[in-house]
1. Scan region 110-133 for residues that are more than 22 Å from residue 50 (Cα to Cα) and among the aromatic types (Phe, Trp, Tyr) and jot them down.
2. Please verify whether region 66-73 includes one or more residues that are more than 15 Å from the ligand (Cβ to nearest atom), open to solvent by less than 40 Å² (accessible area, probe 1.4 Å) and under 17 Å from residue 155 (Cα atoms).
3. Inspect all residues belonging to region 128-147 and state whether any of them is open to solvent by 40 Å² or more (accessible area, probe 1.4 Å), within 16 Å of the ligand (Cβ to nearest atom) and part of a loop (DSSP other than H, G, I, E, B).
4. Please find, within region 175-190, the residue that is nearest to the chain's Cα centre (by Cα) out of those that are open to solvent by 70 Å² or more (accessible area, probe 1.4 Å) and over 17 Å from residue 96 (Cα atoms).
5. Taking region 99-127 only, how many residues are in a loop (DSSP other than H, G, I, E, B), open to solvent by 30 Å² or more (accessible area, probe 1.4 Å) and hydrophobic (A, V, I, L, M, F, W, C)?
6. Output the residue which, of all residues in region 3-35 that are of a type outside the set (A, V, I, L, M), outside any loop (DSSP other than H, G, I, E, B) and surrounded by fewer than 19 Cβ atoms within 10 Å (Cβ to Cβ), is nearest to the ligand (Cβ to nearest atom).
7. Just give me the residues in region 78-98 being touching a residue at least 40 places away in the same chain (Cβ under 8 Å), outside any loop (DSSP other than H, G, I, E, B) and either open to solvent by less than 40 Å² (accessible area, probe 1.4 Å) or in contact with a His (Cβ under 9 Å, 6 or more places away or on another chain) (or both), in sequence order.
8. I'd like to know if region 102-109 contains one or more residues that are over 22 Å from residue 50 (Cα atoms), among the hydrophobic types (A, V, I, L, M, F, W, C) and either within 16 Å of the ligand (Cβ to nearest atom) or at pLDDT 95 or above (or both).
Amino acid sequence: MTVHPITITGEPVLHRRAQPVETFDAALRTLIADMFETMDEANGVGLAAPQIGVGLRLFVYGMENDDGVPPRGVLVNPTIVTTKVPGSEPDPEDDAEGCLSVPGESFPLARAGWARVTGFDGDGAPVDFEATGWFARCMQHEYDHLDGKLFVDRLNDRYLRKARRSIRNNAWGVPGLTWMPGVDPDPFGH
Ligand code: ZN
């Protein structure tokens with residue numbers, strides 16, 4: 001298994017729609033194992049394939065939840081259905097969201113409180129569960145990656161301005177930037 005560098009906002013694969021996985025083969029299982037190892041080394045709770053430069057529709061997660069869902073898993077070719085996203089102003093603390101591809105930054109974002117996620121595991125067996133609370137947030141965040149969307153793309157005007165400024169100040173937003181879990185300092189200080 002291999003820890004991979006994590007792509008940073010500006011890398012094109014993060015900003016375009018990923019392609020469906022076509023075959024459930026040994027190469028896919030290796031990719032999944034690498035994604036788990038990379039997520040763990042980065043102290044992340046989720047990691048989508050585009051975040052290691054692979055434009056395929058799968059993500060892994062590692063998050064305890066109140067929904068009776070295994071705390072670690074993989075979703076290949078997932079679909080997601082959610083309740084309505086609240087229109088109210090996000091709470092600066094309770095709704096603060098971050099992303100390994102916008103390392104070290106976090107911004108408040110309102111998310112749906114419930115999601116139903118379906119898809120396949122690494123062997124092609126169906127997966128189907130409901131998620132609530134932070135687990136539902138995690139599912140929405142990771143799914144968005146597969147459509148080329150980062151959480152900063154969903155921020156309201158106020159926080160979008162802050163996010164744009166921080167991306168500019170970090171000289172991100174251009175192709176080719178990555179950081180290496182376990183080598184570079186943990187951007188979120190975990
Ligand atoms: Zn992310």
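1. 114, 129
2. Looking for residues that are more than 15 Å from the ligand (Cβ to nearest atom), open to solvent by less than 40 Å² (accessible area, probe 1.4 Å) and under 17 Å from residue 155 (Cα atoms), one finds none in region 66-73, hence no.
3. Looking for residues that are open to solvent by 40 Å² or more (accessible area, probe 1.4 Å), within 16 Å of the ligand (Cβ to nearest atom) and part of a loop (DSSP other than H, G, I, E, B), one finds at least one in region 128-147, hence yes.
4. 178
5. 1
6. 15
7. Hits for region 78-98 are 78, 97, 98.
8. For region 102-109, residues over 22 Å from residue 50 (Cα atoms), among the hydrophobic types (A, V, I, L, M, F, W, C) and either within 16 Å of the ligand (Cβ to nearest atom) or at pLDDT 95 or above (or both): absent.
The values are calculated or read from the model by the stated rules, or taken from the named source; none is laboratory data. Here the structure is a predicted model, which means the values were calculated and not measured. Please note: Cβ atoms are built from the backbone with ideal geometry, for glycine as well, and neighbour counts cover all protein chains shown. For the accessible areas, the whole protein counts, side chains as well, though only heavy atoms, and no ligand, DNA or RNA atoms are used. Shrake-Rupley method; radii C 1.70, N 1.55, O 1.52, S 1.80 Å.
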